[in-house]
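Below is one structure, written out as structure tokens; comments come after it.
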Amino acid sequence: MLTRQEAFNLLKKYNQSENLIKHALAVEAVMRYFARQLGEDEEYWGNIGLIHDLDYELYPEEHCHKTRELLQQEGVSEDIIHAVMSHGWKICTDVEPTRRMEKVLYTIDELTGLITATVYMRPSRSILDLEVKSVKKKFKTPSFAAGVNREVITNGCAMLEMDLDTVMKWTIEGMKEAASELGLAGE
């Protein structure tokens with residue numbers, strides 16, 4: 001089991017981009033929130049959120065695949081490696097998310113990007129007053145944050161047997177807890 005500090009050190013070892021680090025922190029915060037809501041281990045879920053894109057900055061063409069090698073070199077357990085790789089299911093890996101934690105990661109990874117983009121378009125530039133209806137409106141506009149794979153989000157909700165509104169609400173709430181760290185607390 002990685003500690004939070006070990007996971008953060010791994011993230012920083014392979015990533016220098018401020019945007020990628022903020023994304024990892026957003027996913028960590030959301031994973032922790034979901035874990036708390038579902039009665040699961042917050043640190044374990046959060047740490048996987050922190051390292052889920054470990055290889056992306058240095059090896060974007062080998063995303064998820066290079067992570068296996070990097071995490072094995074670091075002595076990280078196979079269950080963590082599987083979880084990290086599963087967030088790229090049907091996108092860049094054939095590793096299917098099977099555990100609830102993996103399904104949450106798969107679902108919210110893209111959603112955090114959509115929410116961040118939505119916040120940047122708000123006059124307040126704050127997530128603290130963001131409502132689900134604002135995110136849903138952007139979700140239904142394919143040209144907005146066009147790189148966000150909406151099909152992954154909807155498929156993930158189905159795998160979790162959760163409705164989109166609840167997943168969006170929990171994702172927003174998780175990100176609110178890290179708003180200052182993410183630069184989403186407003187001007």
* Asked: How far apart, in nm, are two points set 7 Å out from the Cα along the Cα-to-Cβ line at GLU57 and at GLU151?
  -> 3.1 nm
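Give me the percent relative contact order of the range 4-182, please, defined on Cα pairs under 8 angstrom at least 6 residues apart. Don't skip to the end; give the middle numbers.
Numbers: 241 pairs, mean separation 44.7, N = 179.
Reported relative contact order: 25 percent.
So for ASP109, ASP163, fewest C-beta neighbours within 10 Å to most, what's the order? Don't jump to the answer; show the numbers that get you there.
Details: ASP109 25, ASP163 11.
Taking fewest neighbouring Cβ atoms as first place, the list is ASP163, ASP109.
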* With a Förster radius of 41 Å, plug the Cβ-Cβ distance of GLU6 and SER143 into 1/(1 + (r/R0)^6) and report the FRET value to the nearest 0.05. => 0.55
* Structure fact -> Residue ranges of DSSP H helices in the chain that stretch 27 Å or more (Cα, own long axis) and have mean Kyte-Doolittle hydropathy of at least -1.0 are 18-38, 100-121
* Asked: Any idea how far apart LYS90 and GLN37 come out in nm if each label point goes 7 Å out from Cα toward Cβ?
  -> 2.2 nm
* To do: Choose one of ILE48, ILE115, ALA24: the residue whose Cα lies farthest towards the positive end of the charge dipole of the range 4-182 (beta-carbon charges +1 Lys, Arg; -1 Asp, Glu; about the Cα centre).
  => ILE115
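Most exposed first by the Cβ proxy, i.e. fewest other Cβ within 10 Å, how do CYS157, CYS92 rank? All intermediate terms of the calculation are to be shown ahead of the outcome.
Working: CYS157 20, CYS92 15.
Lowest count first: CYS92, CYS157.
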* Structure fact -> Once ASN19 and HIS65 are pulled to full extension, the length gained, defined as 0.36 nm per residue separation minus their Cα-Cα distance, is 14.4 nm
* Centre separation in Å (Cα based) which lies between the range 47-87 and the range 1-33 -> 12 Å
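What net charge is computed for the residues neighbouring LEU20, neighbours being all others with C-beta under 13 Å from the C-beta of LEU20, Lys and Arg scored +1, Asp and Glu -1? Walk me through the numbers before you get to the answer.
Details: positive: LYS12, LYS13, LYS22; negative: GLU18, GLU28, ASP53, ASP55, GLU57, ASP109.
Overall, the nearby charge balance is -3.
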* Evaluate the charge dipole of the chain about its Cα centre and quote only its size in Debye, nearest 20, assuming +1 on the Cβ of each Lys and Arg and -1 on the Cβ of each Asp and Glu. => 760 debye
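What FRET efficiency comes out for the pair GLU181/ARG125, r = Cβ-Cβ distance, R0 = 22 Å, nearest 0.05?
Details: r = 15 Å, r/R0 = 0.68.
That gives a FRET efficiency of 0.90.
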* Provide the net charge surrounding SER77, with neighbours chosen by a C-beta distance below 13 Å and charges set as Lys +1, Arg +1, Asp -1, Glu -1. => -3
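Return the calculated 222 nm mean residue ellipticity for the chain, to the nearest 500 deg cm²/dmol, obtained by summing -39500 (n - 2.57) across DSSP H runs with n ≥ 4 and dividing by the residue count. Working shown, then result.
Numbers: 10 runs with 118 residues, N = 187.
Calculated at 222 nm, the ellipticity per residue is -19500 deg cm²/dmol.
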* Structure fact -> Distance in nm between GLU78 and LYS133 label points, each 7 Å along Cα→Cβ, equals 5.0 nm
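Every read-out reported here was derived from the displayed coordinates using simple, explicitly stated rules and does not represent laboratory data. Because the structure is a prediction, the values reported are computed rather than measured. All Cβ positions, glycine included, derive from the backbone under ideal geometry; neighbour counts span all protein chains shown.
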